[in-house]
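Novice: Sharing a structure, written as structure tokens. Questions coming.
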Amino acid sequence: MARLSAEAVREAAALVLQALQEGGTLPPFPDPWAPRTPAQGRRIAAAVLAGLDVPVVGLRLAPVPGLSVPAVGPILAPRLLRGPAAVPCGERRTITLALVAQLRSSLPVRDRPYTLRFVAGRIASLHVAFDLAETRFTRGPPDLPAHLADLSGLGLILFGRPASRTSWVDSVRALCTAEVRRGKERVWRGEVGVADALRAAAEAVRSEGGLPAGAVLAVGGLSPPLPDEPLRASIRRLGSVERMAPG
């Protein structure tokens, strides 16, 4: 496997950085700059974050469009929005129901997997959310390494009020009924495995080196892709989140 030179990392990162800052798009990386492995994609993402100079407040686990695996990426402070909020429509988005947790205690680096009890005990607040993922590639993310270089498709994360701790701790092991509505019309209804979602996100974070107290942990993909429109989502006993129309 060919190594990616420091110059190639800088050039690829500059393309992603320009697209992020200007709201533009990305063609496929030129072959000499294209990451071939997830590790190379992460190197480019790290260079992008250094160039943005924006606080990274946590990590997000979300599906990769067109692939059967989720990917971990950063959460940037300006892209974490408290709902209800108005969000314009975008291009190349994949919107799904999500959960956002803020940590009261760190998720430390360790060899053995976290238990659900351990993860739940680290959470200060839990919120229903929309993950508004967005690829900047004009023809979708060509592969996982490129997707990771594009900050794992980070768009916006819109989250609702915190759930009552009694409610979510009591229901975390059960499947929770969830639904998404567009006005009075039901767009989707299903069940969310809160325990599985939180544990999957926490395990992904463990493999990335953990998270400190106060950081944000997010997991998307808890519903099929949703329309890029004003919506309201709710998960039984956990609360709701609302995306309003602009203006």
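The values are calculated or read from the model by the stated rules, or taken from the named source; none is laboratory data. In this text the structure is predicted, and so the values were computed from the model without any measurement. Neighbour counts are summed over all protein chains in view; Cβ atoms, including those assigned to glycine, are modelled from backbone coordinates with ideal geometry.
Novice: Of the residues L144, L151, which is at negative phi and surrounded by 14 or more Cβ atoms within 10 Å (Cβ to Cβ)? Before you say what the answer is, go through the steps one by one.
Specialist: Details: L151 fails: at negative phi.
Result of the check over L144, L151: L144.
Novice: So the check is Cβ under 9 Å with 6+ separation or different chains; which pairs have a first residue in segment 1-30 that's under 16 Å from E134 (Cβ atoms) and touching a residue at least 12 places away in the same chain (Cβ under 8 Å) and a second one that's of a type in the set (D, E) and loosely packed, with under 15 Cβ neighbours inside 10 Å?
Specialist: Close Cβ pairs (under 9 Å, with a partner that is of a type in the set (D, E) and loosely packed, with under 15 Cβ neighbours inside 10 Å) amount to T25/E91.
Novice: Among (1) polar (S, T, N, Q); (2) in contact with a Ser or Thr (Cβ under 8 Å, 6 or more places away or on another chain); (3) surrounded by fewer than 14 Cβ atoms within 10 Å (Cβ to Cβ), there is one condition T115 misses while meeting the rest; what is its number?
Specialist: Condition not satisfied by T115: (2).
Novice: Of the residues V64, V100, which single one is at negative phi, surrounded by 15 or more Cβ atoms within 10 Å (Cβ to Cβ), touching a strand residue (DSSP E or B) at 6+ places or on another chain (Cβ under 7 Å) and at pLDDT below 95?
Specialist: Working: V100 fails: at pLDDT below 95.
So the residue among V64, V100 that is at negative phi, surrounded by 15 or more Cβ atoms within 10 Å (Cβ to Cβ), touching a strand residue (DSSP E or B) at 6+ places or on another chain (Cβ under 7 Å) and at pLDDT below 95 is V64.
Novice: Determine, yes or no, whether R232 is in contact with a helix residue (DSSP H, G or I) (Cβ under 9 Å, 6 or more places away or on another chain), surrounded by 15 or more Cβ atoms within 10 Å (Cβ to Cβ) and not aliphatic (A, V, I, L, M).
Specialist: no
Novice: Additional query: Among (1) at pLDDT below 90; (2) surrounded by fewer than 16 Cβ atoms within 10 Å (Cβ to Cβ), where does R161 come up short?
Specialist: Single failed check for R161: (1).
Novice: Restricting the search to segment 121-160, which residues are out of contact with any Ser or Thr (no Cβ under 8 Å at 6 or more places or on another chain), of a type outside the set (A, V, I, L, M) and more than 24 Å from P27 (Cα to Cα)?
Specialist: S125, H127, F159
Novice: Does P28 satisfy being modelled with pLDDT under 95, touching a strand residue (DSSP E or B) at 6+ places or on another chain (Cβ under 8 Å) and either buried (at least 18 other Cβ atoms within 10 Å of the Cβ) or farther than 23 Å from V100 by Cβ (or both)?
Specialist: For P28, the condition - modelled with pLDDT under 95, touching a strand residue (DSSP E or B) at 6+ places or on another chain (Cβ under 8 Å) and either buried (at least 18 other Cβ atoms within 10 Å of the Cβ) or farther than 23 Å from V100 by Cβ (or both) - is met.
Novice: Which of the strands (runs of 3 or more DSSP E) found entirely inside segment 1-108 contain at least 3 residues meeting this: β-branched (V, I, T) and within 19 Å of the chain's Cα centre (by Cα)?
Specialist: By residue number, 93-103.
Novice: How do the pairs read when you match residues in segment 69-93 that are over 22 Å from P227 (Cα atoms) with residues anywhere that are acidic (D, E) and in a loop (DSSP other than H, G, I, E, B), using Cβ under 8 Å and keeping only pairs 6 or more apart or on different chains?
Specialist: V72/E208
Novice: Hey, another quick one. Identify all residues within segment 41-55 that are among the β-branched types (V, I, T) and either surrounded by 14 or more Cβ atoms within 10 Å (Cβ to Cβ) or under 9 Å from L17 (Cβ atoms) (or both); write none if there are none.
Specialist: Looking only at segment 41-55, we keep the residues that are among the β-branched types (V, I, T), and these are 44, 48, 54.
I44, V48 - these are the residues of segment 41-55 that are among the β-branched types (V, I, T) and either surrounded by 14 or more Cβ atoms within 10 Å (Cβ to Cβ) or under 9 Å from L17 (Cβ atoms) (or both).
Novice: May I ask you to list the residues in segment 174-189 that are touching a strand residue (DSSP E or B) at 6+ places or on another chain (Cβ under 7 Å) and at pLDDT below 95?
Specialist: L175, C176
Novice: Check whether at least one residue in segment 238-245 is outside any strand (DSSP E or B) and either touching a helix residue (DSSP H, G or I) at 6+ places or on another chain (Cβ under 7 Å) or under 18 Å from V109 (Cβ atoms) (or both), and report yes or no.
Specialist: Yes: segment 238-245 contains one or more residues that are outside any strand (DSSP E or B) and either touching a helix residue (DSSP H, G or I) at 6+ places or on another chain (Cβ under 7 Å) or under 18 Å from V109 (Cβ atoms) (or both).
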